[in-house]
Amino acid sequence: MTSLLNPTLSPKNGDVVHWRRLQGCAPALAVKSLADNHDQVIVVAENTASMQSILLELAFFGDTVKRPVHEFPDWECLPYDRVSPHQDIISMRLATLAKLATNQKGIYVLPASALMQRLPPAEYVLGHSFSLKVNQDVDTEALRSQLIDGGYYSVEQVMAAGEFAFRGGVIDIFPSGAEQPFRLDLFDTVIESIRHFDPETQRSTTTLDAIELLPAREFPLDQDGIQHFRQAYRAHFAGDAKKALIYNAVSDGFAAPGIEFFIPLFFESLSTIFDYCADDAKFVCMGAALDNVDTLYSEASSRFEEAKLVTEWPPLEPKELFLDQSQVFAGLKDFSRAQASLLSLTNEKHAYEFDVSAPPTFNLNLRSDAPYADLVAKLKGSKFRTLIVAESAGRRESLMGILKQNALDPVLKKTWQEFLGGESQLGVIVGNLDRGATLNELGIQIVTEAELYGRQSVSKRRRSERNKDPDAIIKSLAELKIGDPIVHEDHGVGRYRGLEELSFGDDDNEFAVVEYQGGDRIYIPVLSLGKVSRYVGGTPETAPLHKMGSDTWIKLTSKAKEKAYDVATELLEVQALRAARVGYAFPQIDESYDSFAAGFGFEETPDQVQVIDDVIDDMVAPKPMDRLVCGDVGFGKTEIALRAAYMAIAGGKQVAILVPTTLLAQQHFDNFADRFADWPVRIELLSRFRSGKQTKDAVAGLESGHVDIAIGTHKLIQKDIKFKDLGLLII
């Protein structure tokens, strides 16, 4: 038997200990405890979903300031796909590699698919990194070239990692691995200040003395990198290299989608995650993570056989991109390792069991008179201290209310360490856990809302992307016809004239041709269409034709920006007035709300859960709510309206639902009547489908307060309609 707070690990590299009976979130607690005594702990998860759960659990159990947790994801694209990873993923990977290469302390979590990837050498990551400091004299043209060579994109406005913009005496850079971009103010050629800024508002925030910049790609696309790629490509593949799309793209300096699967051609040799780790790093492999390596390698081999059929995009062999299972085990022999499992097997050498069991389960019947009877009975009769983990502050308050109503005495806790070190029998905390555990050794059971209600907390990876009208994006030139109007960010509206093949030296390349007024033309490489979009300002027949070099397009864009600024100013003024007003604060949700929500016949999507929580937060706050909910047909907007309506009625207020058509009014009336059938709620419909007497009774009921919900068309906003106490309007 071993302890969760001091798990056993062999001090000798190459030795393996087996951690057994680790259920639920317990493996993360063991890893956290291991990291308290070792500088670098590497956790290998079975897959990306498992990695995300472990990251949430480590954040719950650990002090991420004292012992930071770093994520190293895989590319999140299938082997040999002609798709590149999202820039945020590349940024995160490079930041983690830089930390490993400089022996920074912490817990590093990666999926099996990332463990087996061959990586750029540490010399590249560190060699293409550089710093900028206040009072440093910089050559702006040399800095521009250095950023481009490092894989950064020059843009007009910085929005995402890997972008930069030069605007007179101001340089904006969003480095790889950074959470926010930086703004450098120059006085002549000297850096006068460095500040964070918000890419959405463009407002500067905190100041810094210096910043570190990592490369923006996992491969060099400078002249030396391109030359190395060309030589290596010709050595790898027989035939005419100029007929290969990837060869031509790299030769022209373009990072074609899917280029990451040709990374070996940019370097003399590649590294592995084992090369980056400190000599005394400790590995913890979860469940079937190492078994998954063999499966993933087999899948890559199968996809390689399919990819070989595309002669203009020949693939590299899997062994050049990935480690197989035997190579992974060989790499692990240089480190001390723990193999974690929930099984209880003692026949292995160095097997240690933890005193952990599954979290308790509860039989909640939200439609009964005492829906939480089983929960209350088990909590009162439990020999364990219990920590209930709520998904949000609103859910925490709801659970606190339910527990207190059932003669329990829950105590609010801010951290796991606070509960562990205290004596409270029952605690409630906010956290992102989707699985609990019974820690017999500690006399503690951790219960999440997944155990209470069968729901799961959902982790979200936030990625910042440039805002662009999805209708305007050109996904393929096949979507365009000759003569279609298209928009170039720098030159305005022109006409698409098809594709032309042009020769530059020994290379033949295809270009999209855009013609402007007077017959002027620009030629855009087909692999670089980011500045071109579809014209969506009207019908093709009415689209303007701008003249290149004139100031017409500049004036139009400037005028549009001014109008956008005016609209934004007006919206801010309206919002300021609204924020200054005091509104009605609806009561916090209770167990009756849970009973109503249980009537929803489907599992909520993550977006639904988020919007429902946001609406509830709005309604319980003492401010007027003004929230826009967007979603496609069939994506659950009506359920959000139903929850909000229930909140309003439970708070003693009336609800008005305004719809555009009589047919839609009838549909919503039927839906609301069905969901509220078991509740003492009166719902009325105001439309031409109702008789005069029905309408008169409904109007009288609204004025007297006997009608709780009114659904209707424009009839609902006529002067003779009076509500006794309207609290929520849904349009």
**OP:** For segment 168-186 and segment 237-258, write down the distance between their C-alpha centroids in whole Å.
**Re:** 32
Original post:
Which entries in K653/K724; K66/K99; K696/K724; K32/K383 show an alpha-carbon gap greater than 18 Å?
Top reply: K32/K383
**OP:** Would you pull out the residues with amide H under 5 Å of L728's amide H, same chain only if 5 or more places away, H placed 1.01 Å from N?
**Re:** Q654, A656
Subject >> Amide proton proximity set for G162, modelled H, under 5 Å, gap of 5+ >> reply: F174, S176
Subject >> Charge context of P359, other residues only, Cβ under 12 angstrom, K/R +1, D/E -1 >> reply: -1
Original post:
In terms of Cα to Cα distance under 15 Å, which aspartates and glutamates are near enough to K378, apart from those fewer than 8 places away along the same chain?
Top reply: D409, E451
Original post:
With a sphere of radius 13 Å drawn around the Cβ of P587, what net charge do the other residues whose Cβ falls strictly inside it have (Lys, Arg +1; Asp, Glu -1)?
Top reply: -2
Subject >> segment 192-292: GluC sites (Glu not before Pro) falling in loop per DSSP and having at most 16 other Cβ within 10 Å >> reply: E200, E268
Original post:
For segment 163-289, what's the relative contact order in percent, using C-alpha pairs closer than 8 Å and at least 6 residues apart?
Top reply: 14
**OP:** Filter the GluC sites (Glu not before Pro) in segment 9-109 down to the DSSP loop ones having no more than 15 other Cβ atoms within 10 Å, then list what survives.
**Re:** E76
Original post:
Given 0.36 nm per residue, what is the gain on full extension from A407 to S592 after removing their alpha carbon distance, in nm?
Top reply: 64.9 nm
Subject >> Under 24 Å from the Cα of K481 - lysines, other chains or at least 8 residues apart >> reply: K468, K531, K547
**OP:** Go ahead and estimate [θ] at 222 nm for the chain from helices alone: -39,500 (n - 2.57) per DSSP H run with n ≥ 4, summed, over the residue count, rounded to 500.
**Re:** -10000 deg cm²/dmol
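Using 0.36 nm times the number of residues separating S193 and R688, minus their current alpha carbon distance, what extension gain do you get?
On the way: separation 495, 0.36 × 495 = 178.20 nm, distance 6.65 nm.
So the chain would gain 171.6 nm between S193 and R688.
What dipole magnitude, in Debye to the nearest 20, does segment 563-612 give about its Cα centre under +1 on Lys/Arg Cβ and -1 on Asp/Glu Cβ?
With only Lys, Arg, Asp and Glu charged at Cβ, the dipole is about 360 debye.
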Subject >> Orientation-averaged projected area, Cα convex hull of segment 361-453 (nm²) >> reply: 5.6
**OP:** In nm, give the distance between the simple-model label positions of A210 and E299, each being 7 Å from the Cα along the Cα-to-Cβ direction.
**Re:** 4.3
Subject >> Summed side-chain charge close to D149 - residues other than D149 whose Cβ falls under 12 Å, Lys, Arg +1, Asp, Glu -1 >> reply: 0
Original post:
Taking the Cα centre of segment 591-730 as the origin, how large is its charge dipole in debye, to the nearest 20, when only Lys and Arg (+1) and Asp and Glu (-1) carry charge on their Cβ atoms?
Top reply: 980
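Going by a ≥ b ≥ c, the root eigenvalues of the Cα gyration tensor, does the chain fall in the rounded group (a/c under 1.5), the prolate group (a/b larger than b/c) or the oblate group?
On the way: a/c = 1.99, a/b = 1.14, b/c = 1.75.
Note, shape of the chain comes out oblate.
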Subject >> the chain: relative contact order in percent, alpha carbon pairs under 8 Å with at least 6 residues between >> reply: 12
**OP:** Using DSSP to define loop residues, name the trypsin sites (Lys or Arg not before Pro) in segment 197-261 whose beta-carbon has at most 14 other beta-carbon atoms within 10 Å.
**Re:** R203
Original post:
So who's got an amide H within less than 5 Å of the one on V411, skipping anything under 5 residues away but keeping other chains? H placed 1.01 Å off N, in plane.
Top reply: L426, G427, V428
**OP:** Please work out the Cα center distance from segment 99-152 to segment 6-71, rounded to the nearest Å.
**Re:** 26
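Over segment 580-720, what is the relative contact order in percent, taking alpha-carbon pairs closer than 8 angstrom and at least six residues apart?
24
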Original post:
How far apart, in nm, are the 7 Å Cα→Cβ label points at S131 and D670?
Top reply: 6.9
Subject >> Unit charges on C-beta of K, R, D, E only; dipole of segment 5-119, Debye >> reply: 280
**OP:** Multiply the residue gap between D551 and T661 by 0.36 nm, knock off their C-alpha separation, and tell me the result in nm, one decimal place.
**Re:** 35.0 nm
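Rule-based calculations on the coordinates, nothing more; no lab input. Note that this is a predicted model, so its numbers are computed, not measured. Because the Cβ atoms are built from the backbone with ideal geometry, glycine has one as well, and the counts that use them run over all protein chains shown.
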